[in-house]
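The values are calculated or read from the model by the stated rules, or taken from the named source; none is laboratory data. On a predicted model such as this, the values are computed, not experimentally measured, just so you know. Reconstructed Cβ throughout: ideal geometry from the backbone, glycine too, with neighbour counts over all protein chains shown.
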Number of protein chains: 2
Amino acid sequence: MVRKTRPEPGDPAAGNGILSRRLFLEGTIVVGATGAGLSRGSAEPLTVQPWMKVPGRGFEGYGQPSPFESKVVKVFPPPPNPAGVGASRTPLHMLEGMITPSGLHFERSHSGVPEIDPAQHRLLIHGLVKRPLVFTVEALSRYPMQSRIAFIECGGNSQALNAPQAQPLNVAAIHGLLGCAEWTGVRFSTLLDEAGIEPEARWVIAEGADAAAMSRSIPLTKAMDDALVCLYQNGERVRPSNGYPVRLLLPGFEGNMNVKWLRRLKLIAGPAMTKDETSKYTILLKDEKAWQFVFPIEVKSVITRPSPGLALRGPGFYEISGLAWSGNGSIRQVDVSADGGRSWAPAALQGPILPKAPVRFRAAWQWNGGPAVLQSRATDDTGMVQPTRAQFADERGLRGVYHYNAIASWRIDEMGEASNVYA
Amino acid sequence: MVRKTRPEPGDPAAGNGILSRRLFLEGTIVVGATGAGLSRGSAEPLTVQPWMKVPGRGFEGYGQPSPFESKVVKVFPPPPNPAGVGASRTPLHMLEGMITPSGLHFERSHSGVPEIDPAQHRLLIHGLVKRPLVFTVEALSRYPMQSRIAFIECGGNSQALNAPQAQPLNVAAIHGLLGCAEWTGVRFSTLLDEAGIEPEARWVIAEGADAAAMSRSIPLTKAMDDALVCLYQNGERVRPSNGYPVRLLLPGFEGNMNVKWLRRLKLIAGPAMTKDETSKYTILLKDEKAWQFVFPIEVKSVITRPSPGLALRGPGFYEISGLAWSGNGSIRQVDVSADGGRSWAPAALQGPILPKAPVRFRAAWQWNGGPAVLQSRATDDTGMVQPTRAQFADERGLRGVYHYNAIASWRIDEMGEASNVYA
């Protein structure tokens, strides 16, 4: 009987160059990126660049990114619709970590971004409550608050992967309707306790103060569980494109239910069947039926680097980095493959691992210069595993536009270019 | 013998109106902020504001805060020195949660903010290494990365509290040299492993690419422990005022050691005694002596709300909210007092509680309209407790400008105005 020895960190952990995640967990040496700009130092001093010869610029009240990062912006098509109807997408392939900068958090608007005066804005709680209440923004600010780091993903994210042929798109274009922030606000349940809930109440209509009056029906159980009426996003007041001055956060639920510019919460006995939940946001199945009121985002992951537009510069070591998330709970594991799913190895997960928050995963890859297909596959703590595209198509078909969460694939060619493929 | 019964959440937990933190932990009803803008709803519909009558604005590549939040900016004095020498301060009293928006993260510059072309920037590792190495920014980007949420605090933060009389200043002016971000970069140890460390190396000089060539000596043990060579701040590339394109992060160490615009890391046998660590950044004691090389920020906390400039609007319920942090580890407990330290009750701590990261604490307070002195007192997981001002003065004296971490006090007067006091 052969005694199994523990692999060394530099040993392969799966086919086509995937290395052990112990490289990350143990902080072991990783072979350098020689040939990609790293060079041996010499006795020559470093060049003294012009910016070291004169004082730099002074202070500014609200800082901005470097002008050299001006290409790192949200992407959106030229408007064929009235201004502001549509979506702008987060350039996930240019970002790192778990937090999305507020300036780059995707947005989905049904009638543009209203410019709301917070002194004039009101939030009404009414319907099946004992005491209808109207809150100013200042009154809301006096309640006990809670903060949580949470993702928001549009239910329609990744719908490009329903197309019969893989489209030549990048991460932002396919998966960019995803963002994450530290949200702070008042628990929905605190406000409902204040209003008093009538026994027959089972649902809540949440309505936005945009011109579309975006409205969704929310189960009262969710409102009482972990929903927040948010005033802050990443430390400062919520950004206009994300609902200033007040937005709803329903951790893990599809994006549009997290109603922006929140003005009204009406407790009702059954779902309202608003225009926004009958004309849209149902999951069309292959057998002409549709699922309604499927709210939590299913377990999902995306490799953000390498990805289309970020070419590899010759064979050698690369970090595979990406995000995994689940609306049903925490991420338990992410596996990566460099051979299109024939072999898998677990990636390192970056803590803190929080429920209904994205997790950054990292894997070490020694690219040999040959073709490769990179994939990631997430598992959440309910045991749900991302399906393959074939499994997803088999269950739901590919006619829908919402809740696509199958394993995605990037092909790396011999030139180091990455492209979207079905594998 | 009287059997002790468990207090109800609404019961007092300490003098002068501090309520039990179970109000937060158990999500129990908290009495509403009636009188502060909350009103009973009526049969009248909500006003339809102008912004609901026309489509809102369209998309923008990089979003900005609402124009209604234009007063939420960093604060800095008019420049008596050459541009950019000094500090800008974070308006902590306007913020919530744990993350500081990158645009509002404090900065301390010794010669302004250089505008660095990342394609031209280089990082040299040399001195007592086997292989001196020069990295481009792109080469650095290819190494395995790590993300962590960490505070950075200027060693000189809160120095206004050394003054013999309490000055009429607000949170930003006293405590605003504190920020927190999710930082992502390459472990310093990974780069040092790549260069190879000579046995006699014990320290590292880190040098910035600003015109001051800010330089500090760092123990090699810290470099090998948890230091990061950072490329990303809150998801996007580091902001210029915080070190673009590369800054050092030494979690828990005083701010200026986290060298910005990092260009050079030289391994040496002993500390370099650079101008920046001999002319400044020593801790002056009361007996004419000074401590040198005291690096970790000691346990500390600050109440951000209520605080000067944020007047209370009549007696009633208020949330006391603030931040606690320690450069030596995690926050274990924060106590709050409304009677100037005569009685204390534990505050609720907002997770995730991470080492060398700020923790948001919250306490419930029923203000009776009389005078009050609010204080917070943090304890870290090494057992260190914030000293009173008297204890701090007794140990160190009040002649220094660095590492002031004593308990701070806000007095609330009968009008609800808050002011900085010594208590």
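Restricting attention to the stretch B:174-207 and to residues that are more than 30 Å from B:Pro358 (Cβ to Cβ) and aliphatic (A, V, I, L, M), the residue that is modelled with the lowest pLDDT turns out to be B:Ala195. All told, B:Glu417 meets the bar of being within 21 Å of B:Met94 (Cα to Cα) and among the charged types (D, E, K, R).
For the stretch A:111-130, the condition holds for at least one residue, the condition being that it is free of Cβ contacts under 8 Å to residues at least 40 places away in the same chain and among the charged types (D, E, K, R). In the stretch A:183-202, the residues that are without any contact (Cβ under 8 Å) to a residue 24 or more places away in the chain form Cβ pairs under 9 Å with partners that are surrounded by fewer than 22 Cβ atoms within 10 Å (Cβ to Cβ) and assigned to a loop (DSSP other than H, G, I, E, B), at six or more places apart or across chains, as follows: A:Asp193/B:Gly27; A:Asp193/B:Thr28; A:Asp193/B:Ile29; A:Pro199/A:Leu128. In summary, A:Ser147 fulfils each of the numbered conditions (1) among the small types (Gly, Ala, Ser); (2) more than 15 Å from A:Leu124 (Cα to Cα); (3) more than 12 Å from chain B (Cβ to nearest Cβ) with the single exception of condition (3). Taking the numbered list (1) farther than 30 Å from A:Ala311 by Cα; (2) facing another protein chain (nearest Cβ under 7 Å); (3) charged (D, E, K, R) in turn, A:Glu60 passes all entries but (2). Every residue in the stretch B:73-110 that is among the hydrophobic types (A, V, I, L, M, F, W, C) and more than 7 Å from chain A (Cβ to nearest Cβ), please. Within the stretch B:73-110, B:Val75, B:Val85, B:Ala87, B:Leu92, B:Met94, B:Phe106 meet the criteria.
One residue stands out among those in the stretch A:174-210 that are more than 9 Å from chain B (Cβ to nearest Cβ) and of a type in the set (Asp, Glu): the one that is farthest from A:Ser158 (Cα to Cα), which is A:Glu198.
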